[in-house]
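Student: Attaching a single structure in structure tokens format; questions to follow.
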Amino acid sequence: MTTRNVVAATALAASRMAAGFRTRSLRHGSTIPLDPFLNVDEFHMSTPTFPPHPHAGFSAVTYMFEASDGGFINRDSLGDRSRIEPGAIHWTQAARGMLHEEIPEHPGIDCHGLQMFVNLRRADKQAAPRAFHVAREHVPEWRADGARVRVLAGRCGDVESPLVDLLTDALLLDVQLDPGARVSLPVRPDHNIFAMAIAGEGFADERGATLSAEPGSDRHAVGYDHGGNTVTFTTQGRALHLVIGGGTPIREPVVFGGPFAMTSAADVAEAFARYERGDMGQLDASFTAR
């Protein structure tokens, strides 16, 4: 077993997008290699913010932390209506395009989770859209002394996520470490791997790279080198809650155009044309935007 070391670190960018919606974000183009992820936003949302909107060229993923006070209702133009309760994950593989709306189930109740965009290969960006949902009780866990790992996408050791038909080879783990824990998690040597602190503090490699989300301080994310098959975390007097993400890098150009992510400006323009023609379906809003 060869452990991987941290080679990049950054503080998450905080923003307040609306009265009831704030985020801390890790974005494509940062010093941390995210590919195949395009962005990871840790969010708090308590009021409906985004009316029905389209996506194409990637997957829009929502994970609600187990300790979240509230959950989301997801509706889309494919006919799906799912409750994303605390501990559940909803993976909208938008591909050639669809519309969705995600809003708090009970306005005024804080929803704490992750909103992530995960890229698709150019060859898969024209696939039929599809929605996947894993309820809280169906998320499998990998355990070691002082560590509990919820396997949301990909696998950890011999534990595999139920999301087995995704077009992107992605890894997503929700990790809880007790004070005084030390754990080495298996990863593929060819995967990009990053870790993002949610609460607490600890060390993200054998050399003592810090990973922290202490109150009143910046929340951190780190990226790792390649070649090793484990990532090692240790804690001392405090627990650490973190998210590990990554996967096989796609290594294709990324061209953003509003809610679309393609490999060229021409493909973005074509996605807008499909949306204007109604090819991405229809979805009436469930609330009035302020």
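The values are calculated or read from the model by the stated rules, or taken from the named source; none is laboratory data. No experiment lies behind these values; they were computed from the predicted model shown. All Cβ positions, glycine included, derive from the backbone under ideal geometry; neighbour counts span all protein chains shown. The area values use the complete protein model at the heavy-atom level, side chains included, leaving out ligands, DNA and RNA. Shrake-Rupley method; radii C 1.70, N 1.55, O 1.52, S 1.80 Å.
Student: Out of everything in the stretch 15-33 that is assigned to a strand (DSSP E or B) and open to solvent by 80 Å² or more (accessible area, probe 1.4 Å), what residue ends up being modelled with the highest pLDDT?
Tutor: Filtering the stretch 15-33 for residues assigned to a strand (DSSP E or B) gives 15-18, 21-27.
Still in the list and also open to solvent by 80 Å² or more (accessible area, probe 1.4 Å): 16-17, 22, 27.
Values: R16: 85, M17: 76, R22: 93, R27: 90.
Residue satisfying both the conditions and the ranking: R22.
Student: Only one of E101, E42, E105 is out of contact with any Phe, Trp or Tyr (no Cβ under 6 Å at 6 or more places or on another chain), of a type outside the set (F, W, Y), modelled with pLDDT of 95 or more and over 24 Å from G258 (Cα atoms); which?
Tutor: Sole residue among the options that is out of contact with any Phe, Trp or Tyr (no Cβ under 6 Å at 6 or more places or on another chain), of a type outside the set (F, W, Y), modelled with pLDDT of 95 or more and over 24 Å from G258 (Cα atoms): E105.
Student: State yes or no: is G70 of a type in the set (G, A, S) and without any contact (Cβ under 8 Å) to a residue 60 or more places away in the chain? Quick ask: steps written out before the conclusion?
Tutor: Working: of a type in the set (G, A, S): yes; without any contact (Cβ under 8 Å) to a residue 60 or more places away in the chain: yes.
The answer is yes for G70.
Student: May I ask you to say which residue of T248, T235 is modelled with pLDDT of 95 or more and more than 28 Å from D35 (Cβ to Cβ)? Outline the logic, then answer.
Tutor: Values: T248 fails: more than 28 Å from D35 (Cβ to Cβ).
Result of the check over T248, T235: T235.
Student: I'm trying to understand the selection: among the residues of the stretch 211-221, which are in contact (Cβ under 8 Å) with a residue 60 or more places away in the chain and either more than 24 Å from H28 (Cα to Cα) or open to solvent by 30 Å² or more (accessible area, probe 1.4 Å) (or both)? Break it down stepwise before answering.
Tutor: Of the residues in the stretch 211-221, the ones in contact (Cβ under 8 Å) with a residue 60 or more places away in the chain are 218-221.
Matches in the stretch 211-221: D218, R219, H220.
Student: Output the residue which, of all residues in the stretch 186-210 that are open to solvent by 40 Å² or more (accessible area, probe 1.4 Å) and in a loop (DSSP other than H, G, I, E, B), is farthest from G154 (Cα to Cα).
Tutor: Filtering first and then ranking leaves R207.
Student: Quick check: is even one residue across the stretch 235-258 among the hydrophobic types (A, V, I, L, M, F, W, C) and out of contact with any strand residue (DSSP E or B) (no Cβ under 7 Å at 6 or more places or on another chain)?
Tutor: Looking for residues that are among the hydrophobic types (A, V, I, L, M, F, W, C) and out of contact with any strand residue (DSSP E or B) (no Cβ under 7 Å at 6 or more places or on another chain), one finds at least one in the stretch 235-258, hence yes.
Student: Since G202 meets every condition but one in (1) touching a Phe, Trp or Tyr at 6+ places or on another chain (Cβ under 6 Å); (2) closer than 18 Å to T31 by Cβ, which condition does it not meet?
Tutor: Failed condition: (2).
Student: Moving on. Hey, which of the strands (runs of 3 or more DSSP E) in the stretch 215-290, taking only ones fully inside, have at least 3 residues that are out of contact with any His (no Cβ under 9 Å at 6 or more places or on another chain)?
Tutor: 220-224, 230-234, 240-247
Student: Looking only at residues that are small (G, A, S) and part of a strand (DSSP E or B) in the stretch 118-173, which one is farthest from G70 (Cα to Cα)?
Tutor: Of all residues in the stretch 118-173, those small (G, A, S) come to 123, 127-128, 131, 135, 144, 146-147, 153-154, 157, 161, 170.
When the remaining residues are screened for being part of a strand (DSSP E or B), the result is 131, 144, 147, 153, 170.
Numbers: A131: 21, A144: 29, A147: 25, A153: 22, A170: 26 Å.
Result: A144.
Student: If you check G223, G281, G258, which single one turns out to be closer than 28 Å to G97 by Cα and at pLDDT 95 or above?
Tutor: On the way: G223 fails: closer than 28 Å to G97 by Cα; G258 fails: at pLDDT 95 or above.
The match here is G281.
Student: G228: open to solvent by less than 20 Å² (accessible area, probe 1.4 Å), out of contact with any Leu (no Cβ under 9 Å at 6 or more places or on another chain) and in contact (Cβ under 8 Å) with a residue 24 or more places away in the chain, yes or no?
Tutor: yes
Student: Now, a different point. Being touching a residue at least 12 places away in the same chain (Cβ under 8 Å), buried (at least 17 other Cβ atoms within 10 Å of the Cβ) and small (G, A, S) narrows it down to one residue among G180, G154; which is it? So that I can check it myself, show each step before the final result.
Tutor: Values: G180 fails: buried (at least 17 other Cβ atoms within 10 Å of the Cβ).
After ruling out the rest, the residue left standing is G154.
Student: Against the definition (open to solvent by 30 Å² or more (accessible area, probe 1.4 Å) and either touching a residue at least 12 places away in the same chain (Cβ under 8 Å) or more than 30 Å from G223 (Cβ to Cβ) (or both)), how does A266 come out, yes or no?
Tutor: Yes: the conditions hold for A266.
Student: State which residue is nearest to the chain's Cα centre (by Cα) when the search covers only the stretch 107-131 and only residues that are more than 21 Å from I250 (Cα to Cα) and open to solvent by less than 20 Å² (accessible area, probe 1.4 Å).
Tutor: Restricting to residues being more than 21 Å from I250 (Cα to Cα) and open to solvent by less than 20 Å² (accessible area, probe 1.4 Å), the top hit is L114.
Student: Say we look at the stretch 74-86 and pick out the residues that are in contact (Cβ under 8 Å) with a residue 60 or more places away in the chain and either out of contact with any His (no Cβ under 6 Å at 6 or more places or on another chain) or over 29 Å from Q126 (Cβ atoms) (or both); which of these is least open to solvent (accessible area, probe 1.4 Å)?
Tutor: Among those residues, the one meeting the criterion is S77.
Student: If E141 satisfies every condition in (1) within 19 Å of the chain's Cα centre (by Cα); (2) buried (at least 18 other Cβ atoms within 10 Å of the Cβ) but one, which is the exception?
Tutor: (2)
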